[in-house]
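*Asks:* Here it is, the structure, as structure tokens.
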Amino acid sequence: MKMKILYLIPILLFSTSIFAQSLDSYTTDEIARMKFAVHLITYDTIGGWENAAGEAYYNIVISSFNENLTIPEITSSYITVKDKSQIDGIIKQLNMLKQSPPSWDALLIKQTQYLIYLDRALRRNTKYKMAINP
């Protein structure tokens, strides 16, 4: 009887670790939607950094999320309070992406808003024949 229990313990531990890993598993479609959404929540942060350490941390967070859907924890005394709060806001949005990936329809609306923003920033006259404001 003791031998059976000793054999069951590793099996139980192994099965719980498999179950724990499957809680964060996403479909390939969800992964694609999360990765596509990153530039839609970060396009207005470019150029708003107080020092290079803040921008470096931002680049590490975005690259890590795009590659692995992970957000690294970095503690550095070189990052200013303003940069840290801006990065914390982006991390919060990335975590929200992981909790509930946006639909393709929502991404279409956000991408349309981004293109309108970009058009207004780069041109005097719009390049689009019809103005759409979703």
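Each value in this text was obtained by applying a stated rule to the coordinates, not by laboratory testing. Note that the structure is predicted; figures quoted are calculated from it, not measured. Every residue, glycine as well, gets a Cβ built from its backbone with ideal geometry; the counts of neighbours run over all protein chains shown.
*Asks:* Rounding to the nearest 20 debye, state how big the charge dipole of the range 27-102 is about its Cα centre with +1 on each Lys and Arg Cβ and -1 on each Asp and Glu Cβ.
*Replies:* 120
*Asks:* Something else now. With 29 Å as the limit, write out which pairs from Lys98/Lys129; Lys35/Lys84; Lys84/Lys127 have Cα-Cα distances beyond it, or answer none.
*Replies:* Violating the 29 Å limit, Cα to Cα: Lys98/Lys129; Lys84/Lys127.
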